[in-house]
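Below is one structure, written out as structure tokens; the observations come after it.
The values are calculated or read from the model by the stated rules, or taken from the named source; none is laboratory data. Just so it is clear, the structure is predicted and the values come from calculations on it, not from any experiment. SASA here: full protein model, heavy atoms, side chains in, ligands and nucleic acids out. Shrake-Rupley method; radii C 1.70, N 1.55, O 1.52, S 1.80 Å.
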Amino acid sequence: MTPGRSPDPESAAAPTWLRPAVLVPVTIALSLVGGRFRSFSPAATWYVLGLSAVLAGLGLSGRVPKRPVPARLPRAAAWWLVPVLLAGLLELVDFLLGSVPAHPSLSRLLDPVLAGYLPRCAGYAAWLAVFWWLVRR
């Protein structure tokens, strides 16, 4: 513990399975397993759907303590919605067009990057970290 800092009450009250010493190795293990699947294969799809169902179930169950959120976001935070909404709209249009070379979807653009095992593992780890962050909100 750092002098002058109080212990985090959230981590003291959290169950053992919610502590970083457990979550980090589990995330790494799940990412290493997910990286073994070929991109867009049925096995990869089922793996992602299964992990999503488990994480969504944890988030909806109330068994995971939520982090406090601000009562109101600053006005400047709304500007972050602009690029997110534009990227989502672009992805939707590209998907509806069939991901043709003139309008490739983000998934198609990331295929060469995610062709290797380690980048695919890193992608799974990033996806799991973001999903876990959403579960905690």
(request) Kindly write out, for the stretch 16-28 in residue order, the coupling ³J(HN,Hα) from the Karplus curve 6.51 cos²θ - 1.76 cosθ + 1.60 (θ = phi - 60°), rounded to whole Hz, with x marking Gly and Pro. (result) 4, 6, 9, 7, x, 5, 9, 5, 5, x, 5, 4, 4
(request) Work the Kirkwood hydrodynamic radius out for the stretch 23-79: mean of 1/r over every pair of different alpha-carbon atoms, inverted, in Å. (result) 14.2 Å
(request) Could you go through the stretch 110-123 in sequence order and give the Karplus-derived ³J(HN,Hα) for each residue, using 6.51 cos²θ - 1.76 cosθ + 1.60 with θ = phi - 60°, rounded to whole Hz, and x for Gly and Pro? (result) 8, 3, x, 6, 8, 5, x, 5, 5, x, 5, 4, 5, x
(request) Rounded to whole Hz and in sequence order, give me ³J(HN,Hα) for the stretch 57-67 from the Karplus expression 6.51 cos²θ - 1.76 cosθ + 1.60, θ = phi - 60°, writing x for Gly and Pro. (result) x, 4, x, 7, 6, x, 7, 9, x, 8, 7
(request) Heavy atoms only, probe 1.4 Å: what % of the accessible area of the chain goes to carbon and sulfur, would you let me know? (result) 74 percent
(message) With a cut-off of 8 Å between alpha carbons and a minimum separation of six or more residues, what is the relative contact order of the stretch 35-131 in percent?
(response) 36 percent
(message) Checking the a/c ratio against 1.5 first, then a/b against b/c, what shape does the Cα gyration tensor give for the stretch 38-113?
(response) oblate
(request) Could you estimate the translational diffusion coefficient of the chain from the Stokes-Einstein equation, with Rh from the Kirkwood formula over C-alpha pairs, at 4 °C and 1.567 mPa s, in whole µm²/s? (result) 72 µm²/s
(message) For the stretch 21-137, what does the accessible surface come to per residue with a 1.4 Å probe? Please give it in Å².
(response) 73 Å²
(request) Return the calculated 222 nm mean residue ellipticity for the chain, to the nearest 500 deg cm²/dmol, obtained by summing -39500 (n - 2.57) across DSSP H runs with n ≥ 4 and dividing by the residue count. (result) -19000 deg cm²/dmol
